[in-house]
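Inspection log for the structure reproduced underneath, given as structure tokens.
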Ligand SMILES: Nc1ncnc2c1ncn2[C@@H]1O[C@H](COP(=O)(O)OP(=O)(O)OP(=O)(O)O)[C@@H](O)[C@H]1O
Ligand SMILES: [Mg+2]
């Protein structure tokens, strides 16, 4: 653990019509860290990712990556700087094959299609989609599409990886495998921020957890402390608290 | 003197704008409910105009053509829905464009095939008479067209807000799958909406026939006006596009007086592109993008 | 699936060679109609391929390619009227098409899906209206190419019949095929298709959509401008109604792509060689039997477009390919059965 801050989110606000999606959120992520952000439905997790990656312009506040202000930059510029993300609502290139999907991503770091393909196949092996490489992406099931999201993000060779509910809908055995893979990637120096609904999905993986609620930070700490935090338990009340917080 | 010119340009633009509004309203309705962009919309309007032509050829006053124009084009719309639109609801965007564009070709050139490439001038009881209001003289047929347009708009509005079917229409526009879960027969409502949307345009076409010459390509210009109005009105809003159409009518008649009548069409096209560039969510509407 | 294959390149070039051979046959047996149909098919193939780099590969569907076609036609005409050799006039047409695309990009590329389509239609109409009222380019009455004196035939590319023109068109299409084929197979082809499929997802992969759309539009404008010059050198007379026409130019260009299949590289060429000769044949027969052939032509066009978009939205090329897959499976099963028996 440790290292300097790679991502700093400072007092970010975002309003959609009457809904305040983010109400002054500040988060720091250190290089090499494994951070989890959890929160109930509509608490602003995806919006936070959209702000960081340039899809949504914050009303107020600032985002900097590696000491550089990236607020207001375009998504493709931010991706080029080394931030990769997955989409909660998966966005495969439906009419391309799995391999072609990942080649598109790998082309950001490789000049020729041949090199990109080699890199893409390597990544596909990592995420376990190698056998499906010639399948049209539209034909994958949801779990596979989520892995494809991950593969595309990994093929960018990012420094910071933002994962929006990649574990949701996976079977426990699959989640275990996913965590193992993410561990490996993290150990190669990639910083990982993982958004999940439930604590269980990130426990045993995240070193630190941030809880969002109604667009602001409710709590922050080690996973086992978070599960016992009375404010967090309150926030989750009515949404099957015990199950969601179960470590 | 100058003021009279201005005032009559405003009255003229307002009345034409109301007729444009009927065309635009149907386009917005179909778009909102089915998410289909009907490129042939202006040509359904022209069908209505030719019904009026037919009436005057048969020696019946063209004013009586209005309900028939609506009914015939309504039925044509329902048939179109069953044969074409229903099959492209979930098709890729290119197929949707291609299919409604094909309808445009079929109607426009079908009309030309039957009625010839010539221009028709429809006479009615209203032709040639004017109403004088102070220093202004208003052409009777335009006044009639404007008043009928308002009446039709009110009827459609009441249909959408006060009837069970209208409620179903709005439910589908908001959320198709939720509406389906509630037991709404989406297919049936869609066919009514498509019929109603183009039927109202057909009625507008019969009104147009009272105020201007009719020829096969007439629909192109009206379709464009409808699109501009819908953009101004915030895309799928029926009321918004009606208001948008009035704005187009006004700016057109004012530019005909103060700039050049021959560039009238070019002005509508230019307004269209400018609005898309600077007000992509419409004057009265807003929508957000979700990632 | 939609990346151009080696086989598609070979097929495309084979079609061109076949076209030239058929043109030779037409010359020997004196069939001007056949040669003219081949010429038109090549002209629309040139424009259709250019159109499809936008529609099929980038997801931008234009029904206003008459913008580039018309400007190209005018560029070549005006060059010839200034005594510039027609070959340079053709190049100029490409340049003007390219320039028009670059200038329109800031407006058109802000718009998506049907808004893009509508803007292309509106732009073509605005251009048509402006050329009608612009005396310097002949206004509504159009422009006539200079008469080539004896000895100037090559200078002004003035030949009898369509026979020699077919060579010029085939060369232009061949160049386009090779250029587009190699571009679309490379990184640009991947990035354009990513943008077509999902622009937001493409951006997350460090792709700047605007940059690549701009590139596709500029190339498309260039080759469509060339197609416009083909019209001028062959027919020697142009006016705004003809070269900026929504139906016979913009719609036809889109139609050959849609009939052939927009998700294949080969689509527009095949589509063009199916649609154009058939339409020409229908038109020439109609002209002799029906006085309203123009309207009938429009109706037939609409019917074809409707049938294709309802029954075979993937286009003819994909259809045939799918059939071939089925057939090769049938053949395989039969062969195995026979082998088993013997
Ligand atoms: N583009 C948008 N336009 C309007 N409202 C939006 C938009 N994006 C998000 N919202 C609203 O902002 C709030 C926060 O949404 P967000 O998607 O960030 O929540 P979340 O924590 O990711 O929820 P979930 O767990 O369901 O994914 C919600 O009320 C949502 O409806
Ligand atoms: Mg979310």
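The values are calculated or read from the model by the stated rules, or taken from the named source; none is laboratory data. Owing to the predicted nature of the structure, the values given are computational and were not obtained by experimental measurement. All Cβ positions, glycine included, derive from the backbone under ideal geometry; neighbour counts span all protein chains shown.
Is it the case, given these coordinates, that residue A:51 is within 25 Å of residue A:157 (Cα to Cα) and either away from ligand 1 (no atom under 11 Å from the Cβ) or in contact with a helix residue (DSSP H, G or I) (Cβ under 9 Å, 6 or more places away or on another chain) (or both)?
No.
If you take the residues of the range B:224-237 that are at pLDDT below 80 and surrounded by fewer than 24 Cβ atoms within 10 Å (Cβ to Cβ), which of them is farthest from the other protein chains (Cβ to nearest Cβ)?
B:237
So residue C:53 passes all but one of these: (1) farther than 30 Å from residue A:136 by Cα; (2) at pLDDT 95 or above. Which condition number does it fail?
All conditions are met except number (1).
Does residue C:331 fit the bill of being modelled with pLDDT of 85 or more and in a helix (DSSP H, G or I)?
Here the answer is no, as residue C:331 does not meet what is asked.
Only one of these conditions is not met by residue B:99: (1) under 19 Å from the mean Cα position of the chain (by Cα); (2) crowded, with 22+ Cβ neighbours inside 10 Å. Which number is it?
(1)
Which condition breaks for residue A:66 when tested against (1) on the phi < 0 side of the Ramachandran plot; (2) outside the structural domain of residue A:137 (by TED's automatic domain parsing)?
Going through the list (1) on the phi < 0 side of the Ramachandran plot; (2) outside the structural domain of residue A:137 (by TED's automatic domain parsing), residue A:66 breaks only (1).
Being within 16 Å of ligand 2 (Cβ to nearest atom), more than 14 Å from every other protein chain (Cβ to nearest Cβ), in contact with a strand residue (DSSP E or B) (Cβ under 6 Å, 6 or more places away or on another chain) and modelled with pLDDT of 95 or more narrows it down to one residue among A:193, A:202; which is it?
Just one listed residue meets the conditions, A:193.
Scan the range C:191-212 residue by residue and report those that are free of Cβ contacts under 8 Å to residues at least 40 places away in the same chain and at the interface with chain A (Cβ under 7 Å from one of its Cβ atoms).
Residues satisfying the conditions are C:191, C:194, C:198, C:200, C:201, C:203, C:204, C:205, C:206, C:207, C:208.
Which one of the conditions (1) in contact with a helix residue (DSSP H, G or I) (Cβ under 8 Å, 6 or more places away or on another chain); (2) modelled with pLDDT of 95 or more; (3) over 21 Å from residue B:97 (Cα atoms) does residue C:284 fail to meet, given that it meets all the rest?
(2)
For the range C:109-121, enumerate the residues that are within 9 Å of chain B (Cβ to nearest Cβ) and within 20 Å of residue B:101 (Cα to Cα).
Across the range C:109-121, the qualifying residues are C:111, C:113, C:114, C:115, C:117, C:118, C:119, C:121.
Checking residue A:72 against (1) closer than 23 Å to residue C:57 by Cα; (2) modelled with pLDDT under 95; (3) out of contact with any strand residue (DSSP E or B) (no Cβ under 8 Å at 6 or more places or on another chain), which test does it fail?
(1)
If you check residue A:89 against the conditions, is it free of Cβ contacts under 8 Å to residues at least 40 places away in the same chain and within 16 Å of ligand 1 (Cβ to nearest atom)?
Yes, satisfied.
Please state which one of B:210, B:160 is farther than 22 Å from residue B:40 by Cβ, surrounded by 24 or more Cβ atoms within 10 Å (Cβ to Cβ) and touching a residue at least 24 places away in the same chain (Cβ under 8 Å).
B:210
Just give me the residues in the range A:127-156 being touching a residue at least 60 places away in the same chain (Cβ under 8 Å) and out of contact with any helix residue (DSSP H, G or I) (no Cβ under 8 Å at 6 or more places or on another chain), in sequence order.
Result: A:146, A:149.
Answer with yes or no whether residue A:78 is modelled with pLDDT under 95 and under 28 Å from residue A:202 (Cα atoms).
no
If you take the residues of the range A:41-73 that are within 16 Å of ligand 2 (Cβ to nearest atom) and surrounded by fewer than 19 Cβ atoms within 10 Å (Cβ to Cβ), which of them is nearest to the other protein chains (Cβ to nearest Cβ)?
A:42
Filter the range A:1-40 down to residues that are within 14 Å of another protein chain (Cβ to nearest Cβ) and in contact with a strand residue (DSSP E or B) (Cβ under 9 Å, 6 or more places away or on another chain) and give me whichever is nearest to residue A:180 (Cα to Cα).
A:21
Name the residues in the range B:34-66 that are over 16 Å from the mean Cα position of the chain (by Cα) and within 25 Å of residue B:161 (Cα to Cα), would you?
B:34, B:35
Residues checked against (1) part of a helix (DSSP H, G or I); (2) free of Cβ contacts under 8 Å to residues at least 24 places away in the same chain; (3) in contact with a strand residue (DSSP E or B) (Cβ under 7 Å, 6 or more places away or on another chain):
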position	(1), (2), (3)
B:3	yes, yes, no
B:7	yes, no, yes
B:11	yes, no, yes
B:32	yes, no, no
B:39	no, no, no
B:66	yes, no, no
B:72	yes, no, no
B:75	yes, no, no
B:90	no, yes, no
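Go through (1) buried (at least 17 other Cβ atoms within 10 Å of the Cβ); (2) assigned by TED's automatic domain parsing to the domain that holds residue A:7; (3) away from ligand 1 (no atom under 16 Å from the Cβ); (4) within 23 Å of residue A:27 (Cβ to Cβ) one by one and return the number of the condition residue A:150 breaks.
(2)
What number of residues within the range A:74-119 satisfy the criterion of being assigned to a loop (DSSP other than H, G, I, E, B) and in contact with a helix residue (DSSP H, G or I) (Cβ under 8 Å, 6 or more places away or on another chain)?
Count: 17.
Do we find a residue being surrounded by fewer than 24 Cβ atoms within 10 Å (Cβ to Cβ) and closer than 30 Å to residue B:90 by Cβ anywhere in the range C:240-258?
There is at least one residue in the range C:240-258 that is surrounded by fewer than 24 Cβ atoms within 10 Å (Cβ to Cβ) and closer than 30 Å to residue B:90 by Cβ.
Which one of the conditions (1) closer than 30 Å to residue A:67 by Cβ; (2) buried (at least 16 other Cβ atoms within 10 Å of the Cβ); (3) at the interface with another protein chain (Cβ under 10 Å from one of its Cβ atoms) does residue A:166 fail to meet, given that it meets all the rest?
(3)
If only one of B:193, B:198, B:211 is touching a strand residue (DSSP E or B) at 6+ places or on another chain (Cβ under 8 Å) and at pLDDT 90 or above, which one is it?
When all the criteria are applied, what remains is B:211.
Residue under question is residue A:124, and the condition is that it be in contact with a helix residue (DSSP H, G or I) (Cβ under 8 Å, 6 or more places away or on another chain) and either away from chain C (no Cβ under 12 Å) or surrounded by 22 or more Cβ atoms within 10 Å (Cβ to Cβ) (or both); does it hold?
yes
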